[in-house]
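Here is the structure we will look at, set down as structure tokens.
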Amino acid sequence: MTLGSRTRGLVALTLLAGTLAGGPATPPAGADAPIYAIDSTEPAAGTIGTPYAHTFTSDPPGAGFTVTSGTLPAGLTLDATTGELSGTPTTAGMFNAVTVTASWAGPYTAVTAGGSFSCGLTSTNAIDCWGANDVGQATDQPGPYTSLTAGGDRACGLTITGAADCWGDNTYEQATDQVGPFSALTAGDQHTCGLTATGAADCWGDNTHGQATDQVGPFSALTAGGKHSCGLTPAGAADCWGDNTYGQAADQTGPYTALDAGGQHTCGLTTAGGADCWGDNEYGQSSDRSAPFTALTAGETHTCGLQPAGDAFCWGNNGDSQAESPPGPYTALSGGIVHTCFLTTVGGVDCWGNNFNGKATDQPSAVLATDTQTFDLAIAATTATIAGTVTTDPGGTPLGGIRVRLYDGSVGLTAVTTDVNGQYTLPGLALAGTYRIRFHDATNGQYATEFNGDNTKFNLTPPIAVTVNTTTTVDAALAGATPPDWAATGTVTAVDGGAPPAKITVSAYQNGALIRSTVTNAAGQFTIAALDATGTWTLRYRDATGTYLREFWNDQPTLTKASALIYTPGATTTADAALTAAPT
């Protein structure tokens, strides 16, 4: 028979961990309990490129912080421990409905293992559950409660007024709330029992085998198993009722200090600290143990004891590792169907065994409370600007018409032209850019091109640092440009209208000195390149065959009478010639 799960541990695992170990129980939450809240103003707007900081605080202090919905602007992060939202935003825009959740962690004071889930009682007397929640059995409960118990697919908490507050599977009304008052609760597979003020057992739920039949008692403690229940009498005897197929409900004289009922077996803690068990022993779960224990828990088909040093010792079915015996120290224990949970000395929960649905997931601490703050965060675009004045060098005369091009890295972004006062402005810059500027005389090339910082080469130019909401001044003083080379080109023809003479030698003279020569092609065309801008240039046209008379540029007979070519920077000057035939 498959057992759901029951209260595990000592006589009634509805007691707090301190009670299980013999110490005082944590008092219920009262009027002075803290009100958990995020104590923070609305985060202020930010600006791209400007360091940003806002701190979320908690009341009481000590909360952890996470972003649970929405998206933070790129460049900002939330410190989970300090609550500081900080960084340098890199993206502008409105970031709506960002939710920060503060979580307060604290210790568990008791633990119980259900069938497919587990629950812990927090230090604020709420119940925190984990594992399967298909019928609501692992739904957290705010309480306040003084103890808890879990069985099958439901759990119950004992309220401060002594009522039974239950949730989860209610097929057999085993999760029906009861007014009580009770001093303790215990949950079996599909039935629940409460210990009344007179020591009676008041039970509800499945009663197929009589396991939910009320008992007069008196009892000092109760425990509910698979389909049987037991009460601890004042004399320390075990008085049991319900299914006794395997002898699990057989009365025992004891004396015992505690009882716990498993699936089809029951164990009592003797006055000497031994484990005295009876019922089904298919897996050895009912084997007696003499090593002293301070507490016992009976699972579905395994049993565990808590040793004086706080170590766990388990026996019985270990098919899912539920009967492992890890070292502690622990202060309380609870066995489920195929998993086991122990309470650590610092209030954490260690579980082992089958972890399907997460029921055996360790819980380092309890979530005591949460609070949220939802806000909209605006990140403004930058207003950084570069501006300056371009003048002559030397002289300092403002230069209008100078083309000013902005680069980010090696990519040209935009270009503006200086006004008549030599001034320019480049607004709306992102702070993350690697900016450089080129100053270029695009009108007539009279001034040399340069980059910011008087650099003539782009790759040697340092980037310009800009600041938000600030204008960075970058002036430039341009020196006179070295005039570019030019060329002379033209066509040589005959005055009499004959065919263009071929192989006419065209020579270029600079300040009266022959510099270079070329020969016309079959069409009479020529080009003389690489003429610089200095001095006076002219051309001579000579037919080496003597068919045509020699002449100089612009129909002049001698070099001294030759006309000067007109300089065209970076271009060509046309210098055609028509030669006269030589006398015969």
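Screening the candidates 146, 112, 124 for the property of being more than 13 Å from residue 168 (Cα to Cα), in contact with a Gly (Cβ under 9 Å, 6 or more places away or on another chain) and modelled with pLDDT under 95 yields one hit, 124. When the criteria are applied in full, residue 538 fails the requirement of being modelled with pLDDT under 90 and touching a Phe, Trp or Tyr at 6+ places or on another chain (Cβ under 6 Å). Filtering 309, 261 for residues that are assigned by TED's automatic domain parsing to the domain that holds residue 338 and either in contact (Cβ under 8 Å) with a residue 40 or more places away in the chain or basic (Lys, Arg) (or both) leaves a single hit, 261. Determine whether residue 284 is buried (at least 20 other Cβ atoms within 10 Å of the Cβ), closer than 30 Å to residue 360 by Cα and not aliphatic (A, V, I, L, M). So residue 284 fails the test.
Taken residue by residue, the stretch 447-460 has at least one member that is at pLDDT below 90, assigned to a loop (DSSP other than H, G, I, E, B) and outside the structural domain of residue 543 (by TED's automatic domain parsing).
Across the stretch 138-149, a minimum of one residue is classified as assigned to a strand (DSSP E or B) and under 17 Å from residue 204 (Cβ atoms). The lone criterion from (1) in contact (Cβ under 8 Å) with a residue 24 or more places away in the chain; (2) within 18 Å of residue 238 (Cα to Cα); (3) assigned to a loop (DSSP other than H, G, I, E, B) left unmet by residue 269 is number (3). If the condition is being under 30 Å from residue 118 (Cα atoms) and among the aromatic types (Phe, Trp, Tyr), then the stretch 348-383 contributes 352, 356.
Scanning the stretch 33-55 for residues that are over 18 Å from residue 379 (Cβ atoms), part of a loop (DSSP other than H, G, I, E, B) and of a type outside the set (S, T, N, Q) yields 33, 34, 35, 36, 39.
Number of residues in the stretch 326-344 that are free of Cβ contacts under 8 Å to residues at least 24 places away in the same chain and within 17 Å of residue 298 (Cα to Cα) equals 0.
Where strands (runs of 3 or more DSSP E) sit wholly within the stretch 465-530, those with at least 1 residues that are closer than 24 Å to residue 575 by Cα occupy 486-494, 504-510, 513-519. Scanning the stretch 513-547 for residues that are under 25 Å from residue 581 (Cβ atoms), touching an Asp or Glu at 6+ places or on another chain (Cβ under 6 Å) and exposed (fewer than 13 other Cβ atoms within 10 Å of the Cβ) turns up nothing. Do we have any residue at all in the stretch 473-496 that's surrounded by fewer than 13 Cβ atoms within 10 Å (Cβ to Cβ), without any contact (Cβ under 8 Å) to a residue 24 or more places away in the chain and either of a type in the set (A, V, I, L, M) or farther than 30 Å from residue 382 by Cα (or both)? Among the residues of the stretch 473-496, not one is surrounded by fewer than 13 Cβ atoms within 10 Å (Cβ to Cβ), without any contact (Cβ under 8 Å) to a residue 24 or more places away in the chain and either of a type in the set (A, V, I, L, M) or farther than 30 Å from residue 382 by Cα (or both), which makes the answer no.
The values are calculated or read from the model by the stated rules, or taken from the named source; none is laboratory data. This one's a predicted model, so the numbers in the text were calculated from it and none came from an experiment. With ideal geometry, Cβ positions are generated from the backbone for all residues, glycine too; neighbour counts draw on all protein chains shown.
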